[in-house]
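*Asks:* Following this message is one structure expressed as structure tokens.
The values are calculated or read from the model by the stated rules, or taken from the named source; none is laboratory data. On a predicted model such as this, the values are computed, not experimentally measured, just so you know. No Cβ is skipped: glycine too gets one built from the backbone with ideal geometry, and neighbour counts run over all protein chains shown. In case anyone asks, the SASA skips ligands and DNA or RNA and just uses the protein heavy atoms, side chains included. Shrake-Rupley method; radii C 1.70, N 1.55, O 1.52, S 1.80 Å.
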Amino acid sequence: MTPGNNGASTPEDDDPFGYLYADGQANGAQPPSGGGYGYPNSVNRVRPVGTRQYGQQGPAPQAPPQQGAYGQPSANYAAPETLPGGATTTSSHQSSHGGGGRGRGPNTKGLLIGAIAVVAAVVIGIGIAMIGGDDDEKGGDQAGASPSQTQDQGEPTPSPSGDGADEENAELPTIDAKALRLDGGAVTASEFEGAKADGGVYVTGFNKVGAKATWTVNGIKEGTYRFYVGYGTPGEDADATVVVNGKAATRPLNMENFGGTPKGDWEKGWKNTWATVNLTDGTNTIELVCNEGNKCNAVLDQFWLTGESGA
């Protein structure tokens, strides 16, 4: 077989560099000039990779399918993005016109959602940090907190006593039974325990019509006051008449057996009552009298004045 007669039937006979050797030149090999391997009448057959079979005559290769008309995809065309590992591409023509080709623009919706998620995460983180800072500040305040209200208040102010004058009424006069002027059979005694007056002295013999205890009050400013009387009864109700500067009150002073002291028990029957009186500037005379119609079976302990409201 010679190249001039049959051409190159096998790849090993188609030496493209045969013209460089003496035997190649003897067989007429020449440098390539646009076809063949340099041997005369050589044939350059182009076949798809993997279709050529050596040592046997195979079917002639088929021509590639014709491309369809412009703008129409070929029946055998497969877009690169559909192949494994293929990438999505967009032609400059489709991108510039925004047409409905196979390519797609950037996913702006996904980018927007991602940006919003990042901003939300940052805002939540700042909020948590601020809340934590507030808690720390509050904890510091609590550590150095001032004493509680109970500690600041100290001892409570004494409330008005039902048995005598309190500290708020110290500026207004108070008098014990033994300092009163007694008339009409009234006298002092200390037989029963429980009187608040100095030495436990009280006025007895008041259960007679005409019995009277008089208190002269000095340095009073004009106004309305409460006239308090400390008294005791043997488990029964009593009353008397209050006379201020010679004028008797229309209503008797009630000395009721408040609390229901057992009858005959003088020592447990100590109580107090009051009546409203109008006093003038300077000196005033207050009398407690057992008049006709009064029930005067009582003993007298102390007299004192408070403001109109009782303070």
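*Asks:* Which ³J(HN,Hα) values in Hz, rounded to whole numbers, follow from the phi angles of segment 182-196 under the Karplus curve 6.51 cos²θ - 1.76 cosθ + 1.60, where θ = phi - 60° and Gly and Pro get x?
*Replies:* 10, 9, x, x, 6, 9, 9, 7, 8, 5, 8, 7, x, 5, 8
*Asks:* List, in the order given, every pair from K178/K212; K208/K268; K178/K263 whose Cα-Cα distance in the structure shown is over 20 Å.
*Replies:* Values: K178/K212 13 Å; K208/K268 23 Å; K178/K263 26 Å.
The pairs that break the limit, which is 20 Å between Cα atoms, are K208/K268; K178/K263.
*Asks:* Given a cut-off of 27 Å, name the pairs among K221/K247; K196/K295; K196/K247 whose C-alpha atoms lie farther apart than that in the structure shown.
*Replies:* Details: K221/K247 18 Å; K196/K295 23 Å; K196/K247 29 Å.
K196/K247, as the Cα separations exceed 27 Å there.
*Asks:* From the backbone phi of segment 203-218, what are the Karplus-calculated ³J(HN,Hα) couplings (6.51 cos²θ - 1.76 cosθ + 1.60, θ = phi - 60°) in whole Hz, Gly and Pro given as x?
*Replies:* Each residue of segment 203-218 in turn: 9, 10, x, 7, 8, 10, 5, x, 5, 8, 10, 10, 10, 9, 10, 10 Hz.
*Asks:* Please identify every one of the GluC sites (Glu not before Pro) in segment 241-311 that sits in a loop by DSSP and has no more than 16 other beta carbons within 10 Å of its own beta carbon. Before the final figure, lay out each step's value.
*Replies:* Details: sites: E256, E267, E287, E292, E308; in loops: E256, E267, E292, E308.
Here the sparse-neighbourhood loop sites are E256, E267, E292, E308.
*Asks:* Which sequence of Y231, Y21, Y225 reflects their accessible areas, 1.4 Å probe, from the largest down? Write down the numbers at each step before the final one.
*Replies:* Numbers: Y231 0, Y21 120, Y225 30 Å².
Ranked list, largest accessible area first: Y21, Y225, Y231.
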